[in-house]
Amino acid sequence: MKSINDISFAGKKVLLRVDFNVPVDEHKNITDDTRMRESMPTIKKLLADGAAIIIMAHFGRPKNGFDPELSLAPVAKHLSEMIGRPVLFTQDLLGDKVTAMAAGLKAGDVMLLENIRFYPGETKGDVALAEQLSKLGDCYINDAFGAAHREHSSTAVIARFFPNDKYFGFLMENEVRNLEKLMQNPQRPFTAIIGGSKVSSKIGILENLLDKVDNMVIIGGMRYTFTKALGGKIGKSICEDDKMDLALELMRRMDEKGVKYYLPTDSLIADNFSNDANTQLVPSNQVPDEWESMDIGPESSKMLDEVIKASKTILWNGPAGVFEIPAFSKGTQAIAKSVAEACANGTFAAVGGGDSVAAVKQLNLADQMSYVSTGGGAMLEYLEGKTLPGIAAIMD
Ligand code: ADP
Ligand code: MG
């Protein structure tokens, strides 16, 4: 893998794809610029080299071409403040004006193209659009890991017009290196901790990991499908009855492959789905009718602490309980602390998934994990064993 660190982009016009799909409030103020900050190292490197940058980004999901509501204008303004220099921005779509603006760029200039999804061809991976974009610059850098699972014109197809001048940005490079470390050559024992609300959304991940891990910890709401399939009483806990056979099949395959699997043994249950519900701790397979499991209990946290501390590699996706409600966040917090302590002792731990990452950030433990993925959907698809078009386009 070539790193942009080893290359000077002096005098080049760099086409840079980023993920600037940031949340905004009703006045179009950016409420969280994390995604923009994550691509700053790449942007700063290019500016330090003396490159001109043409940034491509998407914003929301436009349906029919140009839509002023989904303009990148607020992002252009914010980006300019972040880098302390003007950002050239035109609401014009590709055409003479944009071509002329790109042609006139000098070293240190930054230009942001309007929302790339205003072109219907973008999400279809249109080759003509990719070619048109490619003519604006001399080389292509992809730093949009959050969109790496999409085969769009600006995230993947465009790379074929730069066979010798296509690179990962620093954010993408870091994601790819960490994902490879995790899945291609993990130090053992390798433990996966998979949770969340639904088995159905994690089938691909569970199946792909079966062949790779030594231990599988199944937590969150989805474990109740397993527990019910094993004959346990789960009360009103979340369950997908039509996935019980699959749960049994997965456990059979884990036995066959010698993968040790762990289901938490105690549950914190509630009589309704709220922070002030009545609660009790019960064995996980003895949840009374009318009660619902919301989190793992302390006995389980202790058991998982031991599994976690004995692991050299950890992948964690999916909270242990309904962490959004403070009364049911303790199990997720305990796991996060155990993983952080393991990392301090040399374990490599990766955390991924939109809610899981939100949970470790909420707990202020994100910087104690070896690696927290920035791409929700992209990371999950990678864990399912799929090839991500945005990665493949640069690698081949
Ligand atoms: P990620 O986004 O990290 O992949 P998921 O989307 O799969 O995670 O799952 C997160 C959701 O799972 C959270 O909204 C959380 O409230 C829910 N959840 C966890 N445990 C339970 C439970 N016992 N009952 C109901 N929902 C749960
Ligand atoms: Mg989620």
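The values are calculated or read from the model by the stated rules, or taken from the named source; none is laboratory data. Bear in mind the structure is a predicted one, so any value in this text is a computation, not a measurement. Cβ: placed from backbone, ideal geometry, glycine included. Neighbour counts: every protein chain shown. Just so you know, the surface numbers come from the protein's heavy atoms only, side chains and all, with ligands and any DNA or RNA stripped out. Shrake-Rupley method; radii C 1.70, N 1.55, O 1.52, S 1.80 Å.
Based on the alpha-carbon set only, what is the convex hull volume of the chain divided per residue, in Å³? Could the numbers behind the result be given before it?
Values: hull volume 59.5 nm³, N = 396.
Taking only Cα atoms, the chain has a hull volume of 150 Å³ per residue.
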Under 14 Å from the Cα of Lys44 - aspartates and glutamates, other chains or at least 8 residues apart: Glu81, Asp109, Asp143
On average, how much accessible surface per residue is there in the chain, in Å², for a 1.4 Å probe, leaving out ligands, DNA and RNA? 43 Å²
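What share of the DSSP beta bridges in the chain is antiparallel, in percent to the nearest 5? Don't skip to the answer; put the middle values down first.
Values: 10 of 48 bridges.
Once the DSSP bridges in the chain are tallied, antiparallel ones form about 20 percent.
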How many percent of the alpha carbon pairs in region 286-340 exceed a separation of 19 Å? 30 percent
What do you get when you divide the Cα radius of gyration of region 280-396 by 2.2 N^0.38 Å, with N the number of residues? 1.20
Could you tell me the distance between the Cα centroids of region 207-238 and region 109-163, to the nearest Å? 40 Å
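List the GluC sites (Glu not before Pro) in region 256-308 that DSSP assigns to loop (not H, G, I, E or B) and whose Cβ has at most 16 other Cβ atoms within 10 Å. Which are they?
Numbers: sites: Glu256, Glu290, Glu292, Glu299, Glu306; in loops: Glu290.
Filter output for region 256-308: Glu290.
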Please compare each pair in Lys257/Lys309; Lys12/Lys63; Lys202/Lys233 to a cut-off of 32 Å on the Cα-Cα distance and tell me which ones are over it. Lys12/Lys63
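Just add up the charged neighbours of Ala73: K/R +1, D/E -1, any other residue whose Cβ is under 10 Å from the Cβ of Ala73.
Values: positive: Lys28, Lys77; negative: Glu114.
Around Ala73, the charge tally is +1.
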What is the Cα coordinate range of region 37-115 on the first, second and third principal axes, sorted by size from largest, in whole angstrom? 38, 29, 16
For the chain, the accessible surface attributable to carbon and sulfur atoms (probe 1.4 angstrom, ligands and nucleic acids excluded) amounts in percent to 47 percent
For the chain, built as a Gaussian network whose Cα springs stay under 10 Å, the top-fluctuating residue of Thr347, Thr31, Thr99: Thr31
